[in-house]
Amino acid sequence: MAPTKSSSVRPESSMESIKKPHRIVINNKVESILQSKKNVNEIFDLLEYLQSDKEKEVVRGVNACGQLFCDLLERGDLFVGKLPKEEELLEGERSADDKYRMFLRYRYNSCIEQLLENMGHKVYQVKESSLCMLMKFASTEGKFPLQKLDWCEHYSFPRELIQAVVQRLLSDSEDMAMLISRFQEFLEMDDVRYYVMCSLRDNVAHVMEKNKGAVMPTFQNNVFALLSNINMPSQESELTNFMVTQGAKHGDWKAAKFKEHRRVFERTWLMFLKYKLPGSMYKKVLVIIHDSILPHMSEPTLMIDFLTAAYEVGGAISLLALNGLFVLIHHHNLEYPDFYKKLFNLLEPSVFHVKYRARFFHLANLFLSSTHLPVYLVAAFAKRLSRLALTAPPNALLMLLPFICNLIRRHPSCRVLIHRPSAEEPCNDPYSMEEEDPAQCRALESSLWEIKTLQNHYHPDVAKAAQAINQPLSEIEEDISKRLELSAFGLMTKDLKSAPSNVPLEFDTVSQLLKGSRDVLGAHFCLE
């Protein structure tokens, strides 16, 4: 059992020892325990330091316990095998040496329990030192196992200790992101990474099933932080960094096989994404899915359920989900006939006013870059974008108009949209803006009269861009990448910096602002 908590550690009662610095006192205790068995009870004093209210004393206690138990492990002083209950320690016919080893093993377990508890300490330095010491214990246990390796296909690795560390990192009440970031150093070791993923998968399944799949923001954020810090190898020859080696059996060890790493990685992510996520986490996952997740999966198409569910969230999440589906379609031969229909339905007036506008049109440009798309589909996108352009802000129009022209350049059959003289009456436009299916919206029967209308736009740059359809379009596409990030402020700044030229001047001095307004209005109605 771990010692009771004490707010003030008093390792020795003599005045001489009290005057000594704690560091010297602690070091003396470690040396005395290692030198003689009769001083073994001083371990309780060291364990008390782990519960001190002063963080410096806790850190010193962590270092002292680490030095002590690592030396004891190396010397073989800890009991190896299954421990009996501590209250049964004095019963039975056991030698004094066995009782001594069992006593040390119990104190070692108490130290681990306290270090795991200190991973939730309010002071980060205590958390970090406790985590690092636990991983040092894991490394030492790997070299000097505490379990008997007397059955076939058993490999020495401190699985239980790694499982306990992972369970503590995946707290459901505390954000462990900083400590997980520190833990990334240990994830670079191939065997540690393998067993961490195994433990993570089991822990997620247990916790989420226990809570009946309910959203657990803190826990799921910690899981994502740990998973996203895993850097997977790209080939088997990269599996060279191990915390524990298995000698002659190393080649048969699952942790040393690239195929097993990919299998566990895939199952862990699928287990995590199986449950409903907090709204903000969908975006975090989707941003890294095509670079950090899909390339390391044996069957990437298994992600289709998650991507379909993510699309239903709406907004930027839907767009990012389509990006993941696009990767599966082009690189993994996924059949998903509704892909362009879903993209088509994301084109709403609000898309010009959201912060992810640049990413949206960058990806939309990528999705529509193929020259093998059906003409009706490209025409539907061009027509819908043209209709949305009527209410779009000028900074968005300067990107949108070249975007539409590029679609027509890629698909010459769509030129009919800008060369249809019979479509001069917008009121008789057969196109249906409310139709969700691009195949049924009758875009090819319409024209891009909206762009012709924008030639009278109040902003001269927009009017000039809209006049591009008055001339035959060149075969070379216009680069829109520099215009994706253009904001209203940037456009205004550009206008203010440009030097005026050929400014028209009023010849007669104006005496009244609205003088003759009735005559002007009358003339206007006559023209109508």
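Checking (1) 29.2; (2) 24.4; (3) 25.2 against the coordinates, the calculated Kirkwood radius over Cα pairs in Å falls under label (1).
Relative contact order, whole percent, for segment 115-200 stands at 29, derived from Cα pairs under 8 Å and 6 or more residues apart. Residue-normalised convex hull volume from the C-alpha trace of segment 29-130: 104 Å³ per residue. Diagonalising the gyration tensor over the Cα atoms of segment 367-461 and scaling each eigenvalue by 5 before taking the square root yields semi-axes of 20, 16, 13 Å, largest first. Applying a DSSP loop filter and a limit of 14 other Cβ atoms within 10 Å to the chymotrypsin sites (Phe, Trp or Tyr not before Pro) in segment 359-406 leaves nothing.
Sorting the segments 156-169, 454-467 by their mean number of nearby beta carbons within 10 angstrom, highest to lowest, gives 156-169, 454-467.
Ignoring lysines fewer than eight residues from Lys283 along the same chain, the ones with Cα atoms less than 28 angstrom from its Cα are Lys210, Lys212, Lys274, Lys341, Lys342, Lys355, Lys482. Sparse packing (at most 10 other Cβ atoms within 10 Å of the Cβ) combined with a DSSP loop state is found for the following trypsin sites (Lys or Arg not before Pro) in segment 23-127: Lys82, Lys85, Lys122.
The calculated FRET efficiency for Glu312 paired with Asp202, based on their beta-carbon distance and R0 = 22 Å, is about 0.15.
For segment 98-173, the spread of Cα coordinates along the three principal axes comes to 42, 30, 19 Å, biggest extent given first.
Computed about its Cα centre, the charge dipole of the chain is approximately 640 debye, with only Lys, Arg, Asp and Glu carrying charge at their Cβ. Stretched out straight at 0.36 nm per residue, the stretch from Gln167 to Leu373 would grow longer than its current Cα-Cα span by 69.2 nm. Solvent exposure of the chain amounts to 53 Å² per residue of accessible area, where only protein heavy atoms count and the probe is 1.4 Å. Taking all Cα pairs closer than 8 Å and separated by 6 or more residues, the relative contact order of segment 207-287 comes to 49 percent. Bridging of Lys37 to aspartates and glutamates at a Cα separation below 12 Å is possible for Asp77, Asp97, once same-chain residues fewer than 8 apart are set aside.
By accessible area, using a 1.4 Å probe on protein heavy atoms only, the chain has 51% of its surface on carbon and sulfur. Which log10 I(q)/I(0) values, to two decimals, does segment 46-99 give at q = 0.15, 0.16, 0.17 Å⁻¹ under the Debye formula with one point per Cα? The computed values of log10 I(q)/I(0) come out as -0.62, -0.68, -0.73. For Met216, the amide hydrogen comes within under 5 Å of no other amide hydrogen, counting only partners 5 or more places away or on other chains and with H modelled in the peptide plane.
Asp305 contributes an accessible area of around 120 Å² to the protein surface, as traced by a 1.4 Å probe with all chains present.
Taking 45 Å as R0, compute the FRET efficiency from the Cβ-Cβ separation of Asp437 and Ser237 and round it to 0.05. In this case the efficiency is close to 0.35.
Estimated from the Cβ-Cβ distance and a Förster radius of 22 angstrom, the FRET efficiency linking Lys464 and Asn428 is about 0.15.
Sorting Ser32, Ser369 by accessible area puts them as Ser369, Ser32; the probe is 1.4 Å, largest comes first, and only protein heavy atoms count. Annotation: for a label point projected 7 angstrom from Cα along Cα→Cβ of His362, residues of segment 476-498 with backbone N closer than 15 Å are 480-487.
Each residue, Glu185 and Ser487, gets one label point 7 Å from its Cα in the Cβ direction; the gap between the two is 3.9 nm. Computed on the chain, with alpha-carbon pairs under 8 angstrom and 6+ residues apart, the relative contact order is 8 percent.
Accessible area, 1.4 Å probe, largest first: how do Tyr311, Tyr356, Tyr124 sort?
Largest accessible area first, the residues go Tyr124, Tyr356, Tyr311.
Restricting attention to segment 44-139, the count of lysine pairs at 8 or more positions apart or across chains with alpha carbons under 24 Å apart stands at 11.
Relative to the present Cα-Cα distance, how much length would full extension add between Leu302 and Asn39 at 0.36 nm per residue of separation?
Difference between extended and current length: 88.8 nm.
For Phe344, the accessible surface of its heavy atoms amounts to roughly 0 Å² (probe 1.4 Å, protein chains only, rounded to the nearest 10).
The values are calculated or read from the model by the stated rules, or taken from the named source; none is laboratory data. It should be emphasised that the depicted structure is a prediction, and the values quoted were computed from it without experimental measurement. Every residue, glycine among them, receives a Cβ derived from its backbone with ideal geometry; neighbour counts consider all protein chains shown. All accessible areas refer to the heavy atoms of the entire protein, side chains included, with ligands and DNA or RNA removed. Shrake-Rupley method; radii C 1.70, N 1.55, O 1.52, S 1.80 Å.
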